[in-house]
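Down below is the structure, laid out as structure tokens.
The values are calculated or read from the model by the stated rules, or taken from the named source; none is laboratory data. Keep in mind that this is a model prediction, so the values were computed, not measured. Glycine also receives a Cβ, built like all others from the backbone with ideal geometry; neighbour counts cover every protein chain displayed. Protein only, heavy atoms only, side chains kept; ligands, DNA and RNA dropped before computing areas. Shrake-Rupley method; radii C 1.70, N 1.55, O 1.52, S 1.80 Å.
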Amino acid sequence: MTYPVNMNVTPVVSAHFDEATNTISYIVRDPSSTHCAIIDSVMDIDYAAGRITYDHADKLIEEITSQGLTLDWIIETHVHADHLSAAPYIQSKLGGKIGVGEKIMIVQETFGKVFNEGTEFQRDGSQFDALFKDGDTYMVGSMQGFAMFTPGHTPACMVHVMGDAAFAGDTLFMPDGGSARADFPGGDAGELYDSIQKVLSLPDEMRLFMCHDYGPNGRAIEWETTVAEQKADNIHVGGGKSREEFIKFRTERDAQLDMPKLIIPSLQVNMRAGEVPTDKDGNPMLKVPVNKL
Ligand SMILES: [Fe+2]
């Protein structure tokens, strides 16, 4: 696959860090118009109380509104397991199309079973406005973006590239954070290695924006690096580590990790493009499947 890389466009990228989930949401603005896209929004949840709020999403909405921008796209790099998407809330305020990778159908099939969803839960991705295939392009004003299929962390992961900025989703973390886990249902360490190599085949000067940062070893939170820096210094894949080394390391490491705190509500909401499921009477309601994850 040859991707339509264009390093001559430099989008304005504004990052919003969510402290509760260590997620970074982005507003990406076309430098030659007032159009923008959001990558990976966050809806706030107090899971113990079953309470959902929108403070993080409201900050994104406020920035877009106060700058007079038009929101063309609300993109999910994948079905997140550690935070809930605010895509439908943002769409209700600002418009824009909600897009995700077309392999969402595999994720919906897998977790439709885990949560014992009935036939009313469609497994065809129809909850989203757009399903991206590898290499699909889209426009943010006059700026072209494209999707790179990067499975491994999940089967539906996509990295999104606009001009000289790539949004890595959960393929890579900052160089000192390494890579994301590959042990969720449908994940695969070997596929993740191959996907990371794809990302690292982008131009060296490509800016790379992470979806998460946990500030390893006490350093301050960061989210921006470059392909060159990742190739040289990434602790899991940098310096030419082999596929075999990576698979061995990743598999051993993943076996020691706990489930993300918000995986149960996140999956139920995010596989529905950010809509909270409802019970038979139409009340918003989340389930806890016992001994299924
Ligand atoms: Fe993730």
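Odds and ends about this structure:
- Filtered residues of region 166-220 (kept if of a type in the set (Asp, Glu), part of a helix (DSSP H, G or I) and within 15 Å of the ligand (Cβ to nearest atom)): Glu191
- Pick from region 46-72, criterion touching a residue at least 60 places away in the same chain (Cβ under 8 Å) and surrounded by 14 or more Cβ atoms within 10 Å (Cβ to Cβ), ranking: farthest from the ligand (Cβ to nearest atom): Thr70
- Filter result (open to solvent by 60 Å² or more (accessible area, probe 1.4 Å) and either assigned to a strand (DSSP E or B) or closer than 21 Å to Val100 by Cα (or both)) within region 18-45: Arg29
- Members of region 233-250 found to be over 30 Å from Gly274 (Cα atoms), surrounded by 13 or more Cβ atoms within 10 Å (Cβ to Cβ) and out of contact with any strand residue (DSSP E or B) (no Cβ under 6 Å at 6 or more places or on another chain), listed by number: Asp233, Asn234, Ile235, Val237, Gly238, Lys241, Arg243, Glu245, Phe246, Ile247, Phe249
- Boolean, Ile75 is open to solvent by less than 10 Å² (accessible area, probe 1.4 Å) and under 20 Å from the mean Cα position of the chain (by Cα): yes
- Among the residues of region 78-105, those identified as touching a Leu at 6+ places or on another chain (Cβ under 9 Å), open to solvent by less than 30 Å² (accessible area, probe 1.4 Å), under 15 Å from Ala37 (Cα atoms) and of a type in the set (A, V, I, L, M, F, W, C) are Ala86, Ile90, Val100.
- Restricting Gly152, Gly125, Gly141, Gly169 to those that are touching a Cys at 6+ places or on another chain (Cβ under 6 Å) and either at pLDDT 95 or above or within 25 Å of Pro289 (Cα to Cα) (or both) reduces the list to Gly169.
- Filtered residues of region 163-173 (kept if open to solvent by less than 10 Å² (accessible area, probe 1.4 Å) and under 13 Å from Glu229 (Cα atoms)): Leu172
- With respect to being away from the ligand (no atom under 16 Å from the Cβ) and not basic (Lys, Arg), Tyr26 falls outside the description.
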